[in-house]
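Engineer: First the structure, then my questions, so here it is.
The values are calculated or read from the model by the stated rules, or taken from the named source; none is laboratory data. No experiment lies behind these values; they were computed from the predicted model shown. For neighbour counting, all protein chains shown are included, and Cβ atoms are generated from backbone atoms with ideal geometry for every residue, glycine included. All accessible areas refer to the heavy atoms of the entire protein, side chains included, with ligands and DNA or RNA removed. Shrake-Rupley method; radii C 1.70, N 1.55, O 1.52, S 1.80 Å.
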Amino acid sequence: GYEMIGMTKRLKIPSLIGLLFVFSSGSLLAEECGQPPVSVPTVPDGATSSRATISNARNEVVAFADRVEKYISCMDARYTKLAPFMTAEQRGRRSEDINELQDLRREAQIAINREIRAWRAAQKPQDK
C-alpha cells in the first residue's frame, strides 16, 4: 500500500507542476497574441459620406478584420497546447469569447458593406 501511495504522490506532483506551468504560461501565451482587437471602427452614413470618408472607413474595417483573424489564429495555436488542461467551463468561455469577437468582425463587415451600397446609390443620378 505504501509503495502505491508513494507512486501516486510522485505522479500527482509533477502533473500538478506541469498544470501550474501551463496555466501560468497561459497568460504569457495570451500576451504573445496581444489584447483582443475589440475597438470596432466607426462606420459612417454612406448616403451622406464623401468618397474619401467611405474609403477610409472601409480600409479601417478591413484592417480590423485582419487583426481579428490574426488574433484568433494566434489564440487557436495556444489553445491546442492548453485545451487538455482546461475545464469544460474554461473551454466554453473561450468559445464564447472567440464567437463574440467573430460577431464583432462580421457586424463591422456587414455595416461597411451596407454603407458602401448606400454611398453608391447616393452617387447615381435620381430618375425623375
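Engineer: If I filter the range 35-49 down to residues being closer than 20 Å to Glu100 by Cβ and open to solvent by 30 Å² or more (accessible area, probe 1.4 Å), which single residue comes out as modelled with the lowest pLDDT?
Structural biologist: Going residue by residue through the range 35-49, those that are closer than 20 Å to Glu100 by Cβ are 35-43.
Narrowing the set further to residues that are open to solvent by 30 Å² or more (accessible area, probe 1.4 Å) leaves 35-36, 38-40, 42-43.
Details: Gln35: 85, Pro36: 87, Val38: 82, Ser39: 89, Val40: 91, Thr42: 93, Val43: 95.
Filtering the range 35-49 for residues that are closer than 20 Å to Glu100 by Cβ and open to solvent by 30 Å² or more (accessible area, probe 1.4 Å), the one modelled with the lowest pLDDT comes out as Val38.
Engineer: So, Val62, is that one among the aliphatic types (A, V, I, L, M) and modelled with pLDDT under 85 or not? Explain how you work it out, then say what you get.
Structural biologist: Details: among the aliphatic types (A, V, I, L, M): yes; modelled with pLDDT under 85: no.
So Val62 does not fit the description; no.
Engineer: Can you pull out every residue in the range 44-63 that is touching a helix residue (DSSP H, G or I) at 6+ places or on another chain (Cβ under 6 Å) and of a type in the set (D, E, K, R)?
Structural biologist: Of everything in the range 44-63, just one residue is touching a helix residue (DSSP H, G or I) at 6+ places or on another chain (Cβ under 6 Å) and of a type in the set (D, E, K, R), namely Arg58.
Engineer: Are there any pairs with C-beta distances below 8 angstrom linking a residue in the range 104-120 that is assigned to a helix (DSSP H, G or I) to a residue that is open to solvent by less than 80 Å² (accessible area, probe 1.4 Å) and hydroxyl-bearing (Ser, Thr, Tyr), with the two at least 6 apart or on different chains, and if so which?
Structural biologist: Listed by first residue and then by second, the contacts come to Glu115/Ser49; Trp119/Ser49.
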